[in-house]
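What follows is a set of notes on a single structure, which appears directly below.
The values are calculated or read from the model by the stated rules, or taken from the named source; none is laboratory data. Predicted model, so just to flag it, every value in this text is computed and none were measured. Cβ atoms come from the backbone with ideal geometry, glycine included; neighbour counts cover every protein chain shown.
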Amino acid sequence: MPDGGPAVEVDGLTKRFGDVEAVRGIEFAVRPGEIFGFLGPNGAGKSTTINMLCTLLRPTGGRARVAGHDVVAERDGVRRNIGLVFQDPTLDGYLSGEQNLRFHAELYGVPRSLTGDRIRQVLEMVGLWDRRGDRVQTYSGGMKRRLEIARGLLHSPRVLFLDEPTVGLDPQTRASIWEYIRRLQHAEEITIFMTTHYMDEAEFCERIAIMDSGRIVALDTPEALKAGVGEDRIRIQTADDEAAIAAIGDRFGLEAVVSEGAVTFSVASGEAFVPRLFAELGVPIRSVNVARPSLDDVFMSFTGSTIRDAEASAGDRMRVMMRAARR
Amino acid sequence: MATTAETAPSDKAATGVVRVRVPERGLRQDLRAVKIVLHRELIRFWRDKLRMVSGLIQPVLWLLVMGTGLSNLMASGGGVAGTVDLKTFIFPGVCAMSVMFTAMFSAGSIVWDREFGFLREMLVAPVSRSAIVVGKCIGGALVATLQGAVIVLLAGLAGVPYDPLLLLEMLGLMFIGAFALTGFGVMMAARITSMQSFFGLMQMAMMPMMFLSGALYPLGGLPAWLTVLTRFNPLTYAVDPLRHAVFSHLDVSPQLMATFDPGVTWGGWVVPVWLEVVIVFGMGVGLMGVAILEFRRAD
């Protein structure tokens with residue numbers, strides 16, 4: 001892969017299943033080392049896009065390059081350089097965790113002299129080294145997902161694709177999966193491309209593309225997307241509300257009001273503002289609450305519906321596509 | 001990067017990351033892939049003891065229950081030139097049948113892999129489709145032969161001598177037969193996406209193949225229509241060499257030999273064993289070729 005080139009580069013990518021146009025000419029680029037997220041309801045075309053980027057589906061139109069290789073003309077080049085974690089598990093439950101990884105290492109031609117060390121490393125990274133000898137059947141959902149992440153990393157890919165990596169997991173496990181993802185991005189200097197329909201998870205991405213009905217409707221950092229929608233709202237309870245309102249006006253040039261028993265005002269990036277507020281307000285603060293415009297608001301402003309409504313209406317479309325995409 | 005500030009304290013992995021470079025695809029790579037796909041079949045067979053045991057039940061039923069029950073019928077008929085125990089006669093047929101069932105099951109594992117997603121793990125790997133299919137076919141054939149080996153150990157029950165040469169010969173023949181059947185199964189599995197329809201179809205294909213193969217009755221002196229059907233059945237050419245191997249190790253009169261081991265004839269010409277083996281093996285290679293093409297086309 002040419003150094004400095006984008007990790008993923010997509011131009012006019014289209015996929016049609018019969019009459020259904022699942023992906024309608026999308027365009028974007030992912031920088032090396034970035035955590036890039038695709039956010040959208042089920043049926044928006046996220047998985048279809050990932051499948052095309054992973055060489056599992058042939059695009060109907062347009063071009064895409066992953067790690068410098070064309071996804072149609074240089075499929076092997078792409079396959080050598082990507083790791084994949086699918087939405088549905090793709091492990092062999094009859095094999096142990098280690099055997100699953102060994103299978104992968106052989107299939108990808110990982111040099112034998114490195115296989116043992118590398119397996120140990122990725123298993124330790126996801127905290128499964130102690131369970132390596134157990135059959136995957138006996139693993140919990142979160143452990144399976146972690147094992148898949150470890151497997152996706154085994155051959156040191158340049159780009160790791162995660163298709164809904166935390167779907168169906170409990171919140172605690174989701175949090176720990178995210179912990180691993182961020183840690184490995186750091187340790188492995190890897191580009192991470194993921195899809196999600198959880199708003200709170202999209203926050204972890206450096207940039208997100210919001211996808212709806214086969215198109216990218218917005219692409220930016222989560223901060224910028226939310227800033228585009230509106231400011232954060234801060235509510236504080238103080239010992240002296242009058243003094244606090246005056247101080248907020250003097251020191252920060254912001255207009256505050258008392259609403260529902262709390263001093264309330266709006267500011268562009270609330271969390272970053274709170275330390276300054278404590279340091280400079282001069283009035284004791286008893287409690288603070290920052291309400292941000294959520295990605296839900298962002299999604300709403302770009303698509304005109306909430307992500308849950310969009311999912312409901314996309315259900316039929318998705319069923320058609322899943323039948324067509326099944327192989 | 002915006003989120004580095006939130007990144008968990010880097011562990012020791014950050015300092016000593018083992019970097020791997022995936023090599024360009026080549027023959028060596030593909031051979032490694034064949035080997036590991038095959039190896040997986042063996043591991044799975046070994047771990048699935050229940051399957052091994054349940055694979056034994058059918059042949060034992062055929063040999064001990066049907067064989068014993070029906071031999072009463074035969075004995076009452078009597079024979080001038082002595083008798084051949086029915087169990088001995090059907091033993092090679094039972095071996096062929098059990099190998100056939102196991103081979104089909106092994107081929108069905110591709111459908112299973114597809115349903116459980118594991119096929120995707122193989123299909124996105126930088127190896128050729130043929131490596132995966134060849135690995136599956138040889139692996140399936142090996143597993144079926146192993147199952148066959150367990151049946152061969154029952155030879156004593158059927159009055160077949162434990163001659164090491166005979167046992168080896170039988171194992172070799174079983175492998176070739178199993179290879180052809182796995183090829184057939186994998187070819188079907190390339191198109192069929194649900195386990196139910198796969199096994200339904202296989203049952204449909206296997207029963208007639210079994211009944212028309214000469215596994216359970218001698219092929220000589222049949223009515224013309226049945227003769228023609230048996231000659232078109234590939235399994236016939238897998239069963240006959242097995243039977244021939246068994247009978248050449250028995251001490252029976254030429255008259256009985258002609259009745260029970262007449263060989264396969266094409267319009268009066270006895271097809272030699274080597275040609276039968278070539279037919280079966282060639283079919284295996286051909287079916288595997290079709291399977292490879294189908295997996296490539298689905299790409």
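Of all residues in the stretch B:32-52 being aliphatic (A, V, I, L, M) and in contact with a Gly (Cβ under 6 Å, 6 or more places away or on another chain), which is farthest from A:Q99 (Cα to Cα)?
Taking the stretch B:32-52 as the starting set, the residues that turn out to be aliphatic (A, V, I, L, M) are B:33-34, B:36-38, B:42-43, B:50, B:52.
Of the ones still in play, those that are also in contact with a Gly (Cβ under 6 Å, 6 or more places away or on another chain) are B:34, B:37-38.
Values: B:V34: 16, B:V37: 12, B:L38: 13 Å.
Restricting to residues being aliphatic (A, V, I, L, M) and in contact with a Gly (Cβ under 6 Å, 6 or more places away or on another chain), the top hit is B:V34.
Does A:V110 fit the bill of being of a type in the set (A, V, I, L, M), in contact (Cβ under 8 Å) with a residue 12 or more places away in the chain and more than 7 Å from chain B (Cβ to nearest Cβ)? Against the criterion (of a type in the set (A, V, I, L, M), in contact (Cβ under 8 Å) with a residue 12 or more places away in the chain and more than 7 Å from chain B (Cβ to nearest Cβ)), A:V110 does not qualify. Set side by side, the residues A:A44, A:A73 differ, and just one is crowded, with 23+ Cβ neighbours inside 10 Å and either more than 28 Å from B:V34 (Cβ to Cβ) or without any contact (Cβ under 8 Å) to a residue 12 or more places away in the chain (or both), which is A:A44.
Before we move on, is A:G83 within 14 Å of chain B (Cβ to nearest Cβ) and assigned to a strand (DSSP E or B)? Steps first, please.
Values: within 14 Å of chain B (Cβ to nearest Cβ): yes; assigned to a strand (DSSP E or B): yes.
Answer is yes for this residue.
What's the total number of residues in the stretch A:74-102 that are out of contact with any helix residue (DSSP H, G or I) (no Cβ under 6 Å at 6 or more places or on another chain) and closer than 15 Å to A:L57 by Cβ? So the count comes out to 6.
Here is a yes/no grid of residues against (1) away from chain B (no Cβ under 14 Å); (2) in contact (Cβ under 8 Å) with a residue 60 or more places away in the chain; (3) basic (K, R); (4) in contact with an Asp or Glu (Cβ under 6 Å, 6 or more places away or on another chain):
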| site | (1), (2), (3), (4) |
| --- | --- |
| A:A150 | no, no, no, no |
| A:H155 | no, yes, no, no |
| A:Y198 | yes, no, no, no |
| A:E206 | no, yes, no, yes |
| A:A218 | yes, yes, no, no |
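For every residue, the table says whether it meets (1) in contact with a strand residue (DSSP E or B) (Cβ under 7 Å, 6 or more places away or on another chain); (2) in contact (Cβ under 8 Å) with a residue 24 or more places away in the chain; (3) within 25 Å of B:R32 (Cα to Cα); (4) among the β-branched types (V, I, T).
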{"residue": "B:S106", "(1), (2), (3), (4)": "no, yes, yes, no"}
{"residue": "B:F118", "(1), (2), (3), (4)": "no, no, yes, no"}
{"residue": "B:M122", "(1), (2), (3), (4)": "no, yes, yes, no"}
{"residue": "B:V134", "(1), (2), (3), (4)": "no, yes, yes, yes"}
{"residue": "B:P161", "(1), (2), (3), (4)": "no, yes, no, no"}
{"residue": "B:L166", "(1), (2), (3), (4)": "no, yes, no, no"}
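Of all the listed residues (B:A178, B:A125, B:A149), the sole one being assigned to a loop (DSSP other than H, G, I, E, B) and within 30 Å of B:F295 (Cβ to Cβ) is B:A125.
State which residue is nearest to the other protein chains (Cβ to nearest Cβ) when the search covers only the stretch B:110-144 and only residues that are among the small types (G, A, S) and crowded, with 24+ Cβ neighbours inside 10 Å. Write out each step before concluding.
Keep residues of the stretch B:110-144 that are among the small types (G, A, S), which gives B:117, B:125, B:128, B:130-131, B:135, B:139-141, B:144.
Filter once more, so that each one left must be crowded, with 24+ Cβ neighbours inside 10 Å: B:125, B:131, B:135, B:139-141, B:144.
Details: B:A125: 4, B:A131: 9, B:G135: 10, B:G139: 12, B:G140: 15, B:A141: 19, B:A144: 18 Å.
Only one residue fits best here, namely B:A125.
When the stretch A:86-101 is filtered for residues that are touching a strand residue (DSSP E or B) at 6+ places or on another chain (Cβ under 9 Å) and more than 7 Å from chain B (Cβ to nearest Cβ), the ones remaining, listed by number, are A:Q87, A:G93, A:S96, A:G97. Residues in the stretch B:247-299 that are assigned to a helix (DSSP H, G or I), at pLDDT 85 or above and more than 23 Å from B:M174 (Cβ to Cβ): B:I292, B:L293, B:E294, B:F295, B:R296. Taking the stretch A:191-227 as the range and being among the hydroxyl-bearing types (S, T, Y) and surrounded by fewer than 18 Cβ atoms within 10 Å (Cβ to Cβ) as the test, the residues that pass are A:Y198, A:T221. Among the residues of the stretch A:210-236, those identified as in a strand (DSSP E or B) and in contact with a helix residue (DSSP H, G or I) (Cβ under 9 Å, 6 or more places away or on another chain) are A:I210, A:M211, A:D212, A:V217, A:A218, A:L219, A:D220, A:D232, A:R233, A:I234, A:I236. Would you check if A:W129 is out of contact with any Leu (no Cβ under 8 Å at 6 or more places or on another chain) and among the aromatic types (F, W, Y)? Here the answer is no, as A:W129 does not meet what is asked. Annotation: of all residues in the stretch A:14-60 being of a type in the set (A, V, I, L, M, F, W, C) and part of a loop (DSSP other than H, G, I, E, B), the one that is farthest from B:M122 (Cα to Cα) is A:A44.
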